[in-house]
Amino acid sequence: MEGGRVLTQEEKDAVMRGEYKAGTAETKTDTTVETKNETEVAKEESTEQEVAFDFGVFNKKFGKQIESEDALKSLFEKADKHDEVSKSYSETLEKLNEYKGMAEKLDPLANFLNEDEYRRQQLLIKKKNELTDDAIKALSVLTPSKVKELSDSDALKMQLMIDKELTEKEAEMYLQNKYGIEDFADDDIDERIKTVIKVDAKDARKNVAKLYEGIELPSKTDYETARVQLKQSWERAVPEIIKGIDKIQIAEGIDFVVTDDMKKGLEDELMSVILSKQIKPSEAAGAELIGSLKDRILINNIGNVAKSMEADLREKIKAETRAALHNDKPLDEGNRKSETQLDNEAKFKKLFR
């Protein structure tokens, strides 16, 4: 024993070898405890110590002059506010573009420079299969107001291209022969010939101007009136469209069942899309809306879709396995799985791995 303490076997062996020194174990133990205590204290002090924010490093890095925590907080608040304003601006711009699109649909003249330009384009559409290429080319730069400004020679040539289907060159030669002149700008033309040309040109302008008669300007549609009419035209169809979606095919042989709870709010959402995009009732429009609704339902219920696919695939694989195992015909190559079964298992693993 040493100091009332029983020596360990290791210490006894050390005594036998003459290597044991009294007090070594106690000193070692005390040192270990002391070292451990100092380490724990150091860790606690390190944990409790607060790390000061280095404004100098921050200012140098970002080119700022921040001297306090309040100023730094204010900077971050301004950044958040900027993000909010930017988001609000984007949303407002999106709405303006939407309203612009609606306005263009309600006002057919919104896409034209003026009323004359509208009449010019409508005439070209109306007459493109009736007149020669030369006549259409000449009319493509002509509007009702410009007809009055045509020179005598241009008015006469225009009428010949329209009524007699002559080319511009042929019309020019015809007029030279008719009036016995080479150039309408020649000052030496006989006054009597000039008078005849003047009268003929006036009639030619009137005949060309008649082409634009009957082209009425489209009337603007009042926004609220159009909105109400459009809504009324879809009121019966929209509920039927939503009611008709009772299941959605998500894979070959796998359907996702749509419950009434999944349809809540879809009617208002669908009507909002119809009104904002000014979608007129038609079979094509209805089919497109059904497709977009199905996509929306699947996205809103993606968790249930995954579970449904997993359950259906598992059940399908089990059914095919049972059918194969209970088949009266012998299985090839020792219960080899069918190609369909292997394909389904591959789909299952790919979907949920």
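Listing for the model above:
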{"read-out": "Charge context of Q121, other residues only, Cβ under 13 angstrom, K/R +1, D/E -1", "value": "+2"}
{"read-out": "Filtered GluC sites (Glu not before Pro), the range 116-195: DSSP coil and at most 16 other beta carbons within 10 Å", "value": "E130, E149, E165, E182"}
{"read-out": "Long pairs among K126/K202; K277/K307; K231/K307; K146/K194, criterion Cα-Cα beyond 31 Å", "value": "K277/K307; K231/K307"}
{"read-out": "Nonlocal amide H pairs with F256, under 5 Å, H built at 1.01 Å", "value": "I248, Q249, I250"}
{"read-out": "Over 22 Å between alpha carbons, listed pairs K178/K210; K127/K164; K157/K206; K169/K210; K137/K198", "value": "K178/K210; K169/K210; K137/K198"}
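Read the figures in this text as sums done on the coordinates, not as results from a lab. On a predicted model such as this, the values are computed, not experimentally measured, just so you know. Because the Cβ atoms are built from the backbone with ideal geometry, glycine has one as well, and the counts that use them run over all protein chains shown.
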